[in-house]
Structures are given as C-alpha cells and as structure tokens.
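No lab work stands behind these numbers, since they all come straight from the coordinates. As the structure is a computational prediction, the values presented were derived from the model and not from experiment. Note: ideal-geometry Cβ built from the backbone for every residue, glycine included; neighbour counts use all protein chains shown.
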Amino acid sequence: MFKLVTGISTGALIAPFAFLGPKYDATLKEVYTTLSPKDVMKPRSFLGGVLSDGMADNAPLLRLTRKSVTEDLLKEIAAEYAKGRMLLVATADLDARRGIIWDMGKIASYGGPNALDLFVKVMVASASIPGGFLPMMIDVEVGGKHYQEMHVDGGIVAQVFAYPAVIRVKEDAASVGVSRERTLYVIRNARLDTEWAQVERSTMSIAARAVSSLIQSQGIGDLYRIYATTQRDGVDFNLGFIPASFNAPHKEEFDNEYMRALYDTGYQMALKGYPWVKAPPGFTLPSAAAAAK
C-alpha cells in the first residue's frame, strides 16, 4: 500500500480506489472499460453550450461518482488517513487562477453528508474540462461571509503531480531523525513521443492541434519538475506512460473501445513486469560513479 496517492483530471476519479488497494481493482476495471459518453455527460446544443457554462452537462458523471463513492468508502479512507497515509487530489480554482491540492483523507475523516458531498465534488471538479463540462461550484466561508469558488479540471495547471517542490522531504525528515528509502511511481496518461498528424487548414483544426501540443508539452514539463524534485530528495523515480506502439483510434472522450484497448495494453505490459522508466524523455541518467557521489 502506498503512503501517498495523488490524482488529477481523470486520475482524480481513480485515486480513491487506488488508495484503498487491490480490493477495488474490479471496480476500476468496470468503470474504465464499460463507460460510454452518455454515462458521463449530456451534450448541449451548440448555442446552449456557448451561452451557458459548458458544452455538456456533467450531471451523469456526478451521479455515477455519487453511486461509487459512499459513506462506507469514506470510512475506509478515513481509517487509512488515521494511519498516516495520504490521498491528494488537485483541482484548478479559476477565480484565483491557481491549483488547489485537496487533502481527501482529512475530508473523509470528518464523515457525514457534507464531507461526502465535498469529496465527490472535488473528484468531479478535477475531471471537468473547462468549457467542455460545467464547472463545480464549491461553497466556502471567508471572514464570516459565504462565497462560491469555481473549480475545474486540475489538468489546466498540471498534468500530473506528486508533492509540492517547496517540501524538502529528505532534509525535513533528517531534521527529526528519520531516514528511509522512498520510491515514487508516476503514471502519465499519454504518449510522450511526438505523434505526427496532418492538420487541416481550418481554424478549429489548427486551434485543436495547438492546444493538444500545449498539453503534451506541459505534461513533459511536469515530469521534469517532479524528476528534479525527486533527485534533490533522494527519491527513486519510476515513470509509466502510454507506449508509442499504442495506436488505437480515440474517436471521442470516454470512448470505451479505446479505453478497453488501453487497459489491455497496460495489463499485458504489467504481466511481463512493467518496464518502469527511470527518467523523463530528454534526460540522461547519471553514470554509476556520479550517482555514488
């Protein structure tokens, strides 16, 4: 069992179940190999989407998450939190234009309907693509006044995260006399090689290709940042991602044929002993002599 599990975007929907371990593997497999777009979103008309707060209503995803995340599941998470394990999910606060990391174990530890409601909203917010899905409005109280914050897909601030770089894990642990080996496993839900595609000379095609390129570059940059932090802190870095050989067509978001093919690819790789990569693309690993210094 991992001491720390993080999730962002679709990873936020996986994280609570991954945190609780193998007993939920079947649940994850069912969700990620049987879902279809209608189970996740209800499209709006073009005009309705443009004039409102999203091109699709994510109420189906909210209902599905509420069905999967129960008070009993929160109790299990709270019990693990009490043992010192951590579950973190990130969203993007559009009002503040910054990423927010939520301590889901602490939320679970409060228990009751309000904690369950917030827990579910954070999960769905982290997977709500801005403009595509409705944002999640989360109630807050500041200085005795009540407000609502607009939270959306955490992927607009980071494609993947581990722990804030400001936390110097090795130094902080040493200062209280703790010394231990640490291992990090990063799963990036994307290919890391450059995929060639002919772009049509149309506004939408050019814009879509530019945005996808930006997301890919951001994701690699996130891996660089995480890698640099782990090297500073003496954490063993391990990276998994979609292999360049995977070419299943991705027709739409939550395309279950694509998701089944991706699941099968990952499963077969794991059966053979997953080939974890020790550095992000573009990094040269230090020599044995340099690493020993």
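Would you please state which residues of the stretch 13-40 a label at A79 would reach in this model, taking the label point 7 Å out along Cα→Cβ and a backbone N cut-off of under 17 Å?
Under 17 Å, as judged by backbone N against the label point of A79, lie 16-25 of the stretch 13-40.
Within the set K75/K145; K42/K251; K106/K278; K67/K272; K38/K106, which residue pairs have Cα atoms separated by over 26 Å?
Values: K75/K145 30 Å; K42/K251 17 Å; K106/K278 32 Å; K67/K272 34 Å; K38/K106 32 Å.
Violating the 26 Å Cα-Cα cut-off are K75/K145; K106/K278; K67/K272; K38/K106.
What nm value, rounded to one decimal, do you get for the distance between A26 and Q268 when each label is placed 7 Å out toward the C-beta?
That separation, rounded to one decimal, is 2.5 nm.
Only Cα pairs within less than 10 Å get springs; with that Gaussian network setup on the chain, which residue of I167, I107, I215 has the largest fluctuation?
For the chain, modelled as a Gaussian network with Cα springs under 10 Å, the answer is I167.
When a/c reaches 1.5 or more, the comparison of a/b and b/c decides; with that in mind, is the stretch 110-150 rounded, prolate or oblate per its Cα gyration tensor? Each step should come with its number before you reach the end.
Numbers: a/c = 3.68, a/b = 1.29, b/c = 2.85.
Oblate, because a/c is 1.5 or more while a/b does not exceed b/c.
Which loop-located trypsin sites (Lys or Arg not before Pro) does the stretch 92-182 contain, where loop means any DSSP state but H, G, I, E or B and the Cβ has at most 15 other Cβ atoms within 10 Å?
Details: sites: R97, R98, K106, K121, K145, R168, K170, R180, R182; in loops: R97, R168, R180.
Here the trypsin sites (Lys or Arg not before Pro) that fit, given the DSSP loop and packing criteria, are R97, R168, R180.
Tell me, how many Å apart are the Cα centres for the stretch 217-288 and for the stretch 92-142?
27
Within 10 Å, count the other beta carbons around each residue, average over each peptide in 252-264, 268-280, and list them highest first.
Working: 252-264: 15.1, 268-280: 12.3.
Highest mean packing first, the order is 252-264, 268-280.
Charges only on Cβ, +1 for Lys and Arg, -1 for Asp and Glu: so what's the dipole of the chain about the Cα centre, in debye to the nearest 20?
Working: 32 positive and 31 negative charges, 121 e Å.
Dipole magnitude for the chain comes out near 580 debye.
Could you work out how much longer the chain between E257 and Y185 gets when fully extended? Use 0.36 nm per residue separation minus the Cα distance between them, nm to one decimal.
Numbers: separation 72, 0.36 × 72 = 25.92 nm, distance 2.66 nm.
Full extension of this stretch gives 23.3 nm more.
Quickly estimate the mean residue ellipticity at 222 nm for the chain, helices only: each DSSP H run with n ≥ 4 gives -39500 (n - 2.57), and the total goes over all residues, rounded to 500.
Here the helix-only value at 222 nm equals -14000 deg cm²/dmol.
Mind checking the full-extension length gain between K3 and Y147? Use 0.36 nm per residue of separation minus the Cα-Cα distance, one decimal, nm. Present the calculation step by step, with values, prior to reporting the outcome.
On the way: separation 144, 0.36 × 144 = 51.84 nm, distance 3.39 nm.
In short, 48.5 nm is gained.
Taking the radius of gyration and the Kirkwood hydrodynamic radius from Cα positions alone, what is the Rg/Rh ratio for the stretch 171-291, to two decimal places? Don't skip to the end; give the middle numbers.
Working: Rg = 18.3 Å, Rh = 17.2 Å.
My calculation puts Rg/Rh at 1.06.
How many nm separate the modelled label positions at Q231 and D139, each set 7 Å beyond the Cα in the direction of the Cβ?
Spacing of the two 7 Å Cα→Cβ label points: 4.8 nm.
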